[in-house]
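Values in this text are rule-based calculations from the coordinates and carry no lab data. Computed from a prediction, not measured in an experiment: that's the story for all the values here. Here Cβ is always computed from backbone atoms with ideal geometry, including for glycine, and neighbour counts include all displayed protein chains.
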Amino acid sequence: MAAQGRVRPTTASLVAATDTTHVRPIGKMLGADISFLPELEDKGIKFSDKGVQKDALQILKDHGFNYIRLRIFNEPARDSGYSPGRGFCDLSHTMQMARRIRGAGMQFLLDFHYSDYWADPGKQYKPEAWKGCNFSALQDSVYAFTVRVLKALKDQGTPPDMVQVGNEINHGMIWPEGSISSPDSLAALVRAGIRGVRAEDAECPVMLHIALGGQNDESHFFLDNMLRRGVQFDVVGLSYYPKWHGTLADLSYNVNDLARSYKKDIIIVEYTQLKKEVNEIAFSIPDGRGKGTCIWEPLNTWERIFDEQGRSNELLGVYDEVSKKYLKAGGH
């Protein structure tokens, strides 16, 4: 681990090439990834808060949430995809959800998986339609898909406020070409996605998302490899699940060090446990670099804030306190 407060020489030499003042200012985020919502509603689940039935988005907004994150797969309706025959989390479903987010007066983070299925450090399956592509065509496909999705969202008046190019990509994306063991190829694919974002919205903040909440050396390894290869991004997004990513002290050290080393804004863009503590760490990053958090699927996963019947529980109340402390009062 690097000494506390000391910027590594290799990192310092890369920071000068990462100016991103062209993007829109990034405000505070108290977010939730609720990409499962259309599936839950399809099963007949209705959401309520204190006995009053409401849209889940409105309930979240009532308790201080201001951002919704949505994942998008390429062709999830394929037999080998995330949602065979149904296509949940495809472009059509994403467009419908984007309209609801805007209708609720909330902001929107779009998470490209660049896969027909879940993408995470253990799997980054290439979309079926791209399997015959040579590497040049693969880069073109990443660019074209990114542009197509963002254009469709922009054309209906719901462009995302921030975009993730890849999901938990510390081991790469679009394997095998985009494996971290082939950093030149990985960086080329990430750059293709970022070019697609900039083509549709030159001021949209771009996030690189790594599942390394408390792993400082690995975080530097990945980010340095991308910066060395001309990947220009605006936000570092981190997943933090204690089972895999260390203690709260590890998380705190890592986010503070990354903000100081790279002069980038930091968001803990996936977590479920230790809600109060994770938000405290995220919003306490010095120099205004801590932009907030995004809880992963709080409607129906670990330590969720609604029960199986869609009724809110006491965990939702944590966010009244968090939003009052860090959003409404200006925070740190």
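General observations
- Of Gln124, Gln96, Gln107, all but one fail to be closer than 23 Å to Ile26 by Cα and either over 19 Å from the mean Cα position of the chain (by Cα) or of a type in the set (S, T, N, Q) (or both); the exception is Gln107.
- Number of residues in the stretch 216-265 that are small (Gly, Ala, Ser), over 16 Å from His171 (Cα atoms), surrounded by 21 or more Cβ atoms within 10 Å (Cβ to Cβ) and out of contact with any Lys or Arg (no Cβ under 8 Å at 6 or more places or on another chain) equals 0.
- Only listed residue being out of contact with any helix residue (DSSP H, G or I) (no Cβ under 6 Å at 6 or more places or on another chain) and touching a residue at least 60 places away in the same chain (Cβ under 8 Å), chosen from Asn167, Asn134: Asn167
- Boolean, Lys291 is of a type outside the set (Gly, Ala, Ser), buried (at least 17 other Cβ atoms within 10 Å of the Cβ) and part of a strand (DSSP E or B): yes
- Residue within the stretch 135-158 that is in contact with a His (Cβ under 6 Å, 6 or more places away or on another chain), on the phi < 0 side of the Ramachandran plot, surrounded by fewer than 23 Cβ atoms within 10 Å (Cβ to Cβ) and not in a helix (DSSP H, G or I) present: no
- Whichever residue in the stretch 296-318 is β-branched (Val, Ile, Thr) and touching a helix residue (DSSP H, G or I) at 6+ places or on another chain (Cβ under 7 Å) and, among such residues, is surrounded by the fewest Cβ atoms within 10 Å (Cβ to Cβ): Val318
- Scanning the stretch 48-66 for residues that are in a loop (DSSP other than H, G, I, E, B) and crowded, with 22+ Cβ neighbours inside 10 Å yields a total of 1.
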